[in-house]
Amino acid sequence: AQSVTQPDIHITVSEGASLELRCNYSYGATPYLFWYVQSPGQGLQLLLKYFSGDTLVQGIKGFEAEFKRSQSSFNLRKPSVHWSDAAEYFCAVGDGGGADGLTFGKGTHLIIQP
Amino acid sequence: DAGVIQSPRHEVTEMGQEVTLRCKPISGHNSLFWYRQTMMRGLELLIYFNNNVPIDDSGMPEDRFSAKMPNASFSTLKIQPSEPRDSAVYFCASSLAGQGFWIDNEQFFGPGTRLTVL
């Protein structure tokens with residue numbers, strides 16, 4: 001069975017500093033990987049996704065993520081965070097085909113210090 | 001496009017009552033998903049449909065939970081009878097799924113229904 005681990009429950013970063021959120025997955029075949037962001041009281045918004053090809057993927061809001069098969073990781077990065085980036089971030093893995101449900105990690109709560 | 005629409009946004013009910021959550025997927029999407037979010041368990045997939053047909057309901061916690069999709073534009077998740085441990089945020093998501101490979105079938109999430117069972 002597939003699983004996703006986000007080892008950091010909370011992360012605090014100063015505004016303007018760089019950010020890296022960790023994600024490790026367990027999956028038997030080629031994974032389809034996603035990062036979603038959830039603002040308080042809101043639904044989830046897709047930041048970026050990886051299916052195949054270039055292992056460094058660009059997303060919205062200045063985020064990027066790198067797929068490393070050897071480490072079973074898909075870490076999310078941003079070179080300079082803004083106060084508006086404070087939110088909950090979820091990594092997820094899917095079976096592929098587009099019609100299967102996603103398995104989510106428990107999420108990382110990002111706090112931005114002024 | 002209005003996005004995925006869920007109703008109600010908030011529901012407070014008493015233990016033992018029947019609860020019905022509603023979802024309208026994005027027009028043209030052929031896959032619909034119900035997720036539940038709790039502090040303890042995070043986001044869990046409950047059930048999903050392809051072309052209105054339930055494909056996998058292994059995430060449905062108990063027989064008290066049931067879901068239907070009578071047509072392409074509407075789905076319900078029903079809990080009968082409800083219990084305090086069902087308190088959670090329930091999300092509906094929809095996507096346009098390809099055949100055999102991902103096209104651009106991002107799952108679009110609704111705003112969720114916050115359910116409180118007293």
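The values are calculated or read from the model by the stated rules, or taken from the named source; none is laboratory data. Keep in mind that what you see is a predicted model, and the values were worked out from it rather than measured. All Cβ positions, even for glycine, are placed from backbone atoms using ideal geometry, and neighbour counts span all protein chains on display. With ligands, DNA and RNA removed, areas are computed over all heavy atoms of the protein, side chains included. Shrake-Rupley method; radii C 1.70, N 1.55, O 1.52, S 1.80 Å.
Quick rundown of the values:
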read-out	value
Which listed residue is assigned to a loop (DSSP other than H, G, I, E, B) and within 14 Å of another protein chain (Cβ to nearest Cβ), from B:26, B:47	B:26
Single condition residue B:39 does not satisfy, out of (1) farther than 24 Å from residue A:95 by Cβ; (2) exposed (fewer than 15 other Cβ atoms within 10 Å of the Cβ); (3) touching a residue at least 12 places away in the same chain (Cβ under 8 Å)	(3)
Residue in the range B:1-36 that is surrounded by the most Cβ atoms within 10 Å (Cβ to Cβ), counting only those that are in contact with a Cys (Cβ under 8 Å, 6 or more places away or on another chain) and more than 23 Å from residue B:81 (Cα to Cα)	B:32
Out of A:95, A:100, sole residue that is open to solvent by 40 Å² or more (accessible area, probe 1.4 Å), under 23 Å from residue B:95 (Cα atoms) and over 15 Å from the mean Cα position of the chain (by Cα)	A:95
Test: residue in the range A:76-92 that is at pLDDT below 95 and touching a Gly at 6+ places or on another chain (Cβ under 9 Å)	yes
Single residue of B:93, B:2 found to be over 12 Å from the mean Cα position of the chain (by Cα) and within 29 Å of residue A:39 (Cβ to Cβ)	B:2
Of all residues making up the range B:90-116, the number that are of a type in the set (S, T, N, Q) and modelled with pLDDT of 95 or more	2
Residue check for residue A:70: farther than 30 Å from residue B:7 by Cβ, hydroxyl-bearing (Ser, Thr, Tyr) and not in a strand (DSSP E or B)	yes
Selection from the range A:10-38 of residues that are out of contact with any helix residue (DSSP H, G or I) (no Cβ under 9 Å at 6 or more places or on another chain), surrounded by 14 or more Cβ atoms within 10 Å (Cβ to Cβ) and among the aliphatic types (A, V, I, L, M)	A:11, A:21, A:33
From A:7, A:31, A:79, residue being within 29 Å of residue B:30 (Cα to Cα) and either more than 10 Å from every other protein chain (Cβ to nearest Cβ) or in contact with a strand residue (DSSP E or B) (Cβ under 7 Å, 6 or more places away or on another chain) (or both)	A:31
Among (1) modelled with pLDDT of 95 or more; (2) part of a strand (DSSP E or B), the one test that residue B:81 misses	(2)
Scope the range B:1-19; condition away from chain A (no Cβ under 11 Å) and either touching an Asp or Glu at 6+ places or on another chain (Cβ under 9 Å) or not in a strand (DSSP E or B) (or both); matching residues	B:1, B:2, B:8, B:14, B:15, B:16, B:17, B:18, B:19
Condition check for residue A:106: among the basic types (Lys, Arg) and part of a strand (DSSP E or B)	no
Residue tally, condition open to solvent by 60 Å² or more (accessible area, probe 1.4 Å) and free of Cβ contacts under 8 Å to residues at least 40 places away in the same chain, over the range A:56-79	7
Candidates A:41, A:53 - the one that is assigned to a loop (DSSP other than H, G, I, E, B), open to solvent by 10 Å² or more (accessible area, probe 1.4 Å) and over 28 Å from residue B:5 (Cβ atoms)	A:53
